[in-house]
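Every number here is computed from the coordinates shown, using simple stated rules; none is lab data. Predicted model only: the values in this text are computed from it and were never measured. Cβ: placed from backbone, ideal geometry, glycine included. Neighbour counts: every protein chain shown.
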Ligand code: SF4
């Protein structure tokens, strides 16, 4: 059942050293994929900076003002609208994507068009109420031609995500795709290997990586099913039906102690 390995060896578009918003990095240690999907567990112990805002905000409107008025990187020159996060600040679950695309840039809202349909259907399928979830992204302005944001853009924009996560203080974060996972986890992970794992961040935050809804739109095999499965796992953690990342870590440590 338990196979130990390092999750840092796989390929990803960004190495952890490429994107250095260190304040986002949690104390990452234990993972377990949900409900018998993979039967693998990973044990990693690595001290990192705490998950907290370097420049705290006290109100969501302050956060929105910062984002919509931000000119800190070159993406502000080509954007139509910056896209602050959406959803209640008391949300227990935060979904983190990568960057606005064309529709989001025009509408000023995260996740529009086909990807939004995929996400909404997956949330509906697993019984999560979108009105109770905060949806946000690493970068708040659309990169031209919908390219992947550069490491500099990700790092520059990370202060907004830090502030947002500090304000919302979620119990569970679902990261969409390898880049969002790498930034939150602090190291690169191949999404096909870690989708559905429960990672432990500081403050008992559980991080669940999964595929990006855009992957499902593009027909990436298993993306839609994995997205649904992993959002279901997020709900199960919130409902107390599935162990949190911290509890998984605790079990792994206990087992390691018994085995020594
Ligand atoms: S992408 Fe982020 S850092 Fe760059 S201008 Fe937009 S809000 Fe500011």
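What shape does segment 76-199 take by its C-alpha gyration tensor, where a ≥ b ≥ c are the square roots of the eigenvalues and a/c under 1.5 counts as rounded, a/b above b/c as prolate, and the rest as oblate? Could the numbers behind the result be given before it?
Details: a/c = 1.36, a/b = 1.15, b/c = 1.18.
The shape class here is rounded.
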Q) What's the FRET efficiency of residue 80 with residue 255 using the Cβ-Cβ distance as r and R₀ = 45 Å, to the nearest 0.05? A) 0.30
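Share of antiparallel DSSP beta bridges in segment 22-259, in percent to the nearest 5?
Values: 9 of 23 bridges.
Of those bridges, close to 40 percent are antiparallel.
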Q.
Quick check: residue separation of residue 102 and residue 147 times 0.36 nm, minus the Cα distance between them. What number comes out in nm?
A. 15.1 nm
Q.
Students often check this: by mean Cβ neighbours within 10 Å, which of 208-216, 189-197 ranks highest, and how do the rest follow?
A. 208-216, 189-197
Q: Pull up the DSSP beta bridges for segment 65-182 and report the antiparallel fraction as a percent, rounded to 5.
A: 10 percent
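Normalised by the number of residues in segment 22-259, what is the relative contact order in percent for Cα pairs under 8 Å and 6+ residues apart? Show your work: numbers first, answer last.
On the way: 516 pairs, mean separation 63.8, N = 238.
Taking the mean separation of contacting Cα pairs over the length of segment 22-259, I get 27 percent.
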